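**Student:** Pasting a structure below so you can have a look.
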Amino acid sequence: MGLMLGVVGGCGEKIPDGKFVDYFESGRIKLEGILKDGKRDGKWVEYYEDGQIREEGNYNEGDGKWVYFEGGRIRSEGYYKDKHWHGKVVWYYQSGEIENSTYFNEGGPDGKSVGYHPNGQISSESYFKDRKPDGKRVRYYESGKIKSETIVEDDKWNGKSVEYYASGEIRSRGGIREGRKHGYWISTYKDGQKHSEGDYEDGKKNGQWSLYRANGKMLDEDIYNNGICVEMCEGDEYSDEMIAVSFSMNRSFPPF
């Protein structure tokens, strides 16, 4: 949702100063505010066609606080400076709880960004510098325990990542490229025993993937291409889907 900037009439003609109102075809007000010297001044409000406020704010040479709405509730709010987000910008759930808080500079993220679960617990923490990722990104379960840690090695979300079970043990680890799983990844059972291993390419399984029972014995091998199994996909009595379900529920397969 963008900032309401620049009001001109058809064919670029200047609109007189004073009260400005624009309407939907239904006749309901779409936009209203005051023009001064051909520019927006003071409070301006934009509406959805059902009459609810979409966004509102106060113009002061492009600066000021702006609030955006969805379903009659505040969706986000923050300050503009020189027609760009600047400082702390906050997004909200429909319940009114904070969903995310991010610091901006000249319209781009710069500083700390914190996400929240609906229960108020922190869901993620990231850092930015000059609109680019900087350092570590941490994601959390609703319990507050760490879900994953990603070390960003450059400004393109390339680096390494570790994922954890809700109980704290390492679940999987590997590389990332542009924020997606890339390269070799290995997953483990809670006791550290290998569960699966293989390569990702741009977030999708690629090449040979090996699956193991909890006792370390090989269970299955499949060949993937662009995330789709293309060879040796039959497996044995335990399907890949069953393995994924078992893994997600932190259970082990019979050690035979």
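The values are calculated or read from the model by the stated rules, or taken from the named source; none is laboratory data. Everything numeric here is computed off the predicted structure, so don't read it as measured data. Neighbour counts run over all protein chains shown; Cβ positions are idealised from the backbone, glycine included.
**Student:** Determine which single condition residue 85 fails, assuming it passes every other condition in (1) over 24 Å from residue 116 (Cβ atoms); (2) within 21 Å of the chain's Cα centre (by Cα).
**Tutor:** (1) is the only condition that residue 85 fails.
Yes/no per residue for (1) in contact with a His (Cβ under 8 Å, 6 or more places away or on another chain); (2) modelled with pLDDT of 95 or more:
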| residue | (1), (2) |
| --- | --- |
| 125 | no, yes |
| 131 | no, no |
| 142 | yes, yes |
| 153 | no, no |
| 179 | no, no |
| 196 | no, yes |
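**Student:** Just a yes or no: is a residue in the stretch 165-173 of a type in the set (Val, Ile, Thr), within 19 Å of the chain's Cα centre (by Cα) and in a strand (DSSP E or B)?
**Tutor:** Checked against the condition, which is being of a type in the set (Val, Ile, Thr), within 19 Å of the chain's Cα centre (by Cα) and in a strand (DSSP E or B), the stretch 165-173 yields no hits at all.
**Student:** I need the strands (runs of 3 or more DSSP E) fully contained in the stretch 45-139, keeping only those with at least 1 residues that are without any contact (Cβ under 8 Å) to a residue 24 or more places away in the chain, acidic (Asp, Glu) and within 23 Å of residue 151 (Cβ to Cβ).
**Tutor:** 108-116, 122-129
**Student:** Please identify the pairs in which a residue from the stretch 167-180 that is at positive phi has its Cβ atom under 7 Å from the Cβ atom of a residue that is modelled with pLDDT under 95 and of a type in the set (Phe, Trp, Tyr), counting only partners at least 6 apart or on another chain.
**Tutor:** Within 7 Å, the pairs are 178/157; 179/157.
**Student:** Check whether at least one residue in the stretch 31-38 is closer than 30 Å to residue 127 by Cβ and either within 26 Å of the chain's Cα centre (by Cα) or outside any strand (DSSP E or B) (or both), and report yes or no.
**Tutor:** Scanning the stretch 31-38, I find no residue that is closer than 30 Å to residue 127 by Cβ and either within 26 Å of the chain's Cα centre (by Cα) or outside any strand (DSSP E or B) (or both), so the answer is no.
**Student:** Shifting gears a bit: Do the conditions hold for residue 187, that is, is it in contact (Cβ under 8 Å) with a residue 40 or more places away in the chain, part of a loop (DSSP other than H, G, I, E, B) and among the small types (Gly, Ala, Ser)?
**Tutor:** no
**Student:** Please specify each residue of the stretch 143-154 satisfying the condition of being loosely packed, with under 15 Cβ neighbours inside 10 Å, touching a residue at least 12 places away in the same chain (Cβ under 8 Å) and among the charged types (D, E, K, R).
**Tutor:** 145
Listed here are the residues, each with its yes/no results for (1) touching a strand residue (DSSP E or B) at 6+ places or on another chain (Cβ under 6 Å); (2) of a type in the set (Ser, Thr, Tyr); (3) within 25 Å of residue 82 (Cα to Cα); (4) outside the structural domain of residue 92 (by TED's automatic domain parsing).
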{"position": "103", "(1), (2), (3), (4)": "yes, yes, yes, no"}
{"position": "107", "(1), (2), (3), (4)": "yes, no, yes, no"}
{"position": "113", "(1), (2), (3), (4)": "yes, yes, yes, no"}
{"position": "133", "(1), (2), (3), (4)": "yes, no, yes, no"}
{"position": "138", "(1), (2), (3), (4)": "yes, no, no, no"}
